[in-house]
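Reading through the structure tokens given below for one structure.
The values are calculated or read from the model by the stated rules, or taken from the named source; none is laboratory data. Since this is a predicted model, take the numbers as computed values, not measurements. So basically every Cβ, Gly included, is an ideal-geometry build from the backbone, and we count neighbours across all protein chains shown. Surface accessibility is based on the protein's heavy atoms, side chains included, excluding ligands, DNA and RNA. Shrake-Rupley method; radii C 1.70, N 1.55, O 1.52, S 1.80 Å.
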Amino acid sequence: VRIDPAEEDWQLASLLISRQGGDLRQELDAAGGQRVVMELPRLSRARVLVVDDVQAAHNLFERYLAPHNYDIIGARDAGEALRLADEAAPDAIILDVMMPTVDGWQALRDLRSHPSTAAIPVVVCSVLDEPELALSLGAQAFVKKPVQRLELLAALEQALGPLRRKAERQ
């Protein structure tokens with residue numbers, strides 16, 4: 001069967017694939033016949049560091065985010081969060097405020113003051129309704145607990161948006 005690249009179906013398929021960052025083309029195979037080659041970009045998963053001292057919160061975030069191409073890294077306290085943020089270089093951090101020893105506000109200050117973690121987007125997620133404080137300390141977004149899935153996804157997309165647009169331009 002011969003495929004005509006001028007046909008409307010081919011043009012539509014080629015347009016759809018190219019808009020996804022892929023390529024659709026015809027090539028000659030070793031026997032002199034034609035074959036259709038379709039290349040699609042690999043779907044990348046963003047890594048999110050979840051910082052919360054409550055295991056149920058980790059489970060909830062995993063359930064909310066994993067189906068939407070997020071890999072979750074977990075930390076139970078600010079010290080572990082700072083170490084993992086430095087070592088694992090996550091794409092974003094979800095940070096609880098009310099934690100033992102060092103609270104999330106201090107953890108956010110520490111993240112912002114360290115050169116290797118200063119640019120990582122942070123979404124503060126807390127029962128304390130303090131979005132202005134979170135943003136003034138350097139968070140990109142604030143989500144009030146109890147967390148709603150769509151609100152969390154929107155906050156992460158908002159936080160990651162500038163980084164994703166920058167990566168697309170490069």
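What's the extension gain from residue 19 to residue 47 if we count 0.36 nm per residue and subtract their Cα-Cα distance? Residue separation times 0.36 nm, minus the Cα-Cα distance, leaves 7.6 nm. Each of residue 102 and residue 56 was given a label point 7 Å from its Cα along the Cα-to-Cβ line. The distance between the two points is 2.7 nm.
Element breakdown for the chain at a 1.4 angstrom probe: carbon and sulfur atoms account for 53% of the accessible area. Each eigenvalue of the Cα gyration tensor of region 72-170, multiplied by 5 and square-rooted, gives one semi-axis; in descending order these are 20, 17, 12 Å. About the centre of its Cα atoms, region 27-149 shows a dipole size close to 220 debye [charges on the beta carbon of Lys, Arg (+1) and Asp, Glu (-1) only; nearest 20 debye]. With each label modelled as a point 7 angstrom along the Cα→C-beta vector, the residue 83-residue 135 pair spans 3.5 nm. Name the residue from 30, 65, 107 whose Cα lies farthest towards the positive end of the charge dipole of region 12-133, charges +1 on Cβ of Lys and Arg and -1 on Cβ of Asp and Glu. Farthest towards the positive pole: 30. Centre-to-centre, using Cα atoms only, region 1-21 and region 27-47 are separated by 13 Å. Highest average first, the peptides 124-132, 54-62, 146-154 ordered by how many other beta carbon atoms sit within 10 Å of their residues are 124-132, 54-62, 146-154. In a fully extended conformation the segment linking residue 119 and residue 34 would gain 25.7 nm over its present Cα-Cα distance, using 0.36 nm per residue. Estimated from the Cβ-Cβ distance and a Förster radius of 45 angstrom, the FRET efficiency linking residue 27 and residue 157 is about 0.75. Which whole-number percent of Cα pairs in region 1-146 have a distance greater than 21 Å? The answer is 55 percent, as a whole percent.
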